[in-house]
Amino acid sequence: MTKGFMIAGTSSGSGKTTLTLAFLAALGARGCRMAPFKVGPDFIDPGHHTRITGTTSRNLDGWMLPQGYNQDLFRRCCRAADLAVVEGVMGLYDGYDGRSEAGSTAQMAKWLDLPVLLVVDARSMARSAAALVQGYERFDPDVRFAGVVFNRIGSPKHLTYLQEALAGHVTMPCLGGIPRDEAVGIPERHLGLHTADDHPLDQDAADRLAALVENHVDLDRLLAMATHLPALDTTGKASGIPGEGTVRIGVARDPAFCFYYPDNLEIMAHHGAEIIFFSPLADRRLPEGLDGLYFGGGYPELQAEQLAANRGLRAMVKDCSLAGMPIYAECGGFMYLCEQLTDAGGETWPMAGCFPMGTRMLTCRKALGYREIRLAKASPLGPPGLVGRGHEFHYSELVKDAPGVATVYAATPRSGEILREEGYLVRNTLGSYIHLHFGSNPDMASHFVERCRKFKAEEGLLRKR
């Protein structure tokens, strides 16, 4: 029977991602079949989970996705696993806003009935750490704790001091203390940690991570406190009715375009799409027989010179757009479909030119947060009125006027804030800075696949004439 637990921090930067990877490496070394998950909209951490375990890590999210969707996805992905390990987001109780638990790790722990391992960064802390842990333990009595692990302790004596401080003040046990070891960290850049493509964790790195847990955490006690998951059956299928026939959708996948929710691709496949991966960096031509294109987010600004040099592929993408092929692009993919991209060094590079705008990198963050969008006009994702949810996080902005480019999203940045126009549409090409999760409304994937199917049929008729 599968067991599970959740790893949560007191704040962002507490070290929960590194410790999650360490737990995954240690448990994998013990022969456990792992089911890794990440709470929140992050793309990068799941990539590292996948690299360590060899099993695709999935996003769970209490704001973007309905409760039932999260629970069904979790149970389905745990079927063949011995242990489910869920990495939280930000601090344990942080979420969509300050008024509710929506989108928080705590909310997800309760939805999945998982105990929480609390990670506390103990640098420069002594007895005050007990007050911090006590506050987390008492804040929500419905959250269950497996224990606390102190991270970045200065010495064994420091850990003893912390354990003494906890005695008599908290119920959760202290399961260990991780010494400071900068060598096991993953470097960061403007969108967070380096991706698994750019900073792959080799076996030596995995072994060092595993040793941190095996040597400094009471892993057996943690496993004893992990929850047995109920053996509930689920169909494991995306909602909606599968479409007739098959369409071929090309998905850009390389270090420049690596931000995709696996669910998005699976939901499209459920509705009749055959997913064909290609690389705008390396491939000189698009795959044959495509009926649609999907460009996810990533780091086109770091690969701008190479993307610009691939003139043939850029031209093919623009020709597809001019021909009316359905094309959907998010964030970095949207940047690629614009006319030009100005990188952080101020150099401007030509891009695909489907949209008559450009983008430029900034030195500070332009946008971060959850987004709900309502289609104000018909688009490749569906008719007016369709609602979906997603996330926005970027350090670039649009430049140049966009005459004749329709906006089809009415987007809500935060609860109670004014709607703004987003989602740019030219012919059948739709681009936006917002990463949508199709699990929030699978009808969007269904409509996109159906639009591709219609394009395929129309192209077939033209060829017969």
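Nothing in this text is a laboratory measurement; each read-out follows from the coordinates by a stated rule. Bear in mind that the values here come from a model prediction, so they are computed numbers and not experimental data. Here Cβ is always computed from backbone atoms with ideal geometry, including for glycine, and neighbour counts include all displayed protein chains.
Please compute the modelled spin-label separation between Arg144 and Leu322, points set 7 Å along Cα→Cβ, answer in nm with one decimal.
6.2
Can you tell me the FRET efficiency between Ser279 and Thr407 if r is taken as the Cβ-Cβ distance and R0 is 25 Å, rounded to the nearest 0.05?
The value I calculate is 0.25.
Once R0 is set to 56 Å, what does the formula 1/(1 + (r/R0)^6) return for the Cβ-Cβ distance between Glu164 and Thr363, expressed as a FRET efficiency to the nearest 0.05?
0.75
With both partners inside segment 3-228, how many of the DSSP beta bridges are antiparallel, as a percent to the nearest 5?
About 15 percent, rounded to the nearest 5.
For Ser100 and Arg248, FRET efficiency with R0 = 51 Å and r from the beta-carbon atoms, rounded to 0.05?
Approximately 0.75, to the nearest 0.05.
About its Cα centre, how strong a charge dipole does segment 3-228 have in debye, to the nearest 20, once Lys and Arg get +1 and Asp and Glu get -1 at the Cβ?
It comes to approximately 360 debye.
Taking other Cβ within 10 Å of each residue's Cβ, how do His394, His48 sort, fewest first?
His394, His48
Taking the Cα atoms only, what angle lies between the long axis of helix 128-139 and the longest principal axis of the chain, rounded to 10 degrees?
Here the helix axis deviates by roughly 60 degrees.
For each of Val399, Val116, count neighbouring Cβ atoms within 10 Å of the residue's Cβ, then give the residues from fewest to most.
Ranking Val399, Val116 by Cβ neighbours within 10 Å, fewest first, gives Val399, Val116.
State to the nearest 20 debye the size of the charge dipole of the chain about its Cα centre, where the only charges are +1 on K and R beta carbons and -1 on D and E beta carbons.
For the chain, the charge dipole is close to 640 debye.
By DSSP, what percent of the beta bridges with both residues in the chain are antiparallel, rounded to the nearest 5?
45
Against the longest principal axis of the chain, how steep is helix 311-322, in degrees 0 to 90 to the nearest 10, with axes from Cα atoms?
Here the helix axis deviates by roughly 70 degrees.
To check you understand DSSP bridge types, tell me what percent of the beta bridges within segment 247-464 (both residues inside) are antiparallel, rounded to 5.
Around 60 percent of the beta bridges assigned by DSSP in segment 247-464 are antiparallel ones.
Quick check: from the Cα gyration tensor, does segment 278-375 come out rounded (a/c under 1.5), prolate or oblate?
oblate
Treat every Asp and Glu Cβ in segment 286-334 as -1 and every Lys and Arg Cβ as +1, leave all other atoms uncharged, and give the resulting dipole magnitude about the Cα centre to the nearest 20 debye.
That gives a dipole near 140 debye.
So for the pair Arg311, Ala378, with labels modelled 7 Å out along Cα→Cβ, what separation do we get in nm?
Label at Arg311, label at Ala378, 3.8 nm between them.
I need Lys318, Lys377 ordered by Cβ neighbour count within 10 Å, fewest first.
Result, fewest neighbours first: Lys377, Lys318.
Give the relative contact order (percent, whole number) for the chain; include only Cα pairs under 8 Å separated by 6+ residues.
It rounds to 13 percent for the chain.
Any lysines with Cα under 30 Å of the Lys400 Cα? List them, leaving off those in the same chain fewer than 8 positions away.
The qualifying lysines are Lys318, Lys366, Lys377.
Taking the dipole about the Cα centre of the chain, with the C-beta of Lys and Arg at +1 and of Asp and Glu at -1, give me whichever of Gly177, Asn215, Gly9 is farthest to the positive side.
Toward the positive end, the furthest listed residue is Gly9.
On a 0 to 90° scale, report how tilted helix 67-78 is relative to the longest principal axis of the chain, with both axes built from alpha carbons and the result rounded to the nearest 10.
Helix 67-78 and the main axis of the chain meet at about 80 degrees.
Compute the Cα gyration tensor for segment 3-228, then decide on rounded, prolate or oblate, letting a ≥ b ≥ c be the square roots of its eigenvalues: rounded whenever a/c is under 1.5, prolate when a/b is larger than b/c in the other cases, and oblate in all that remain.
rounded
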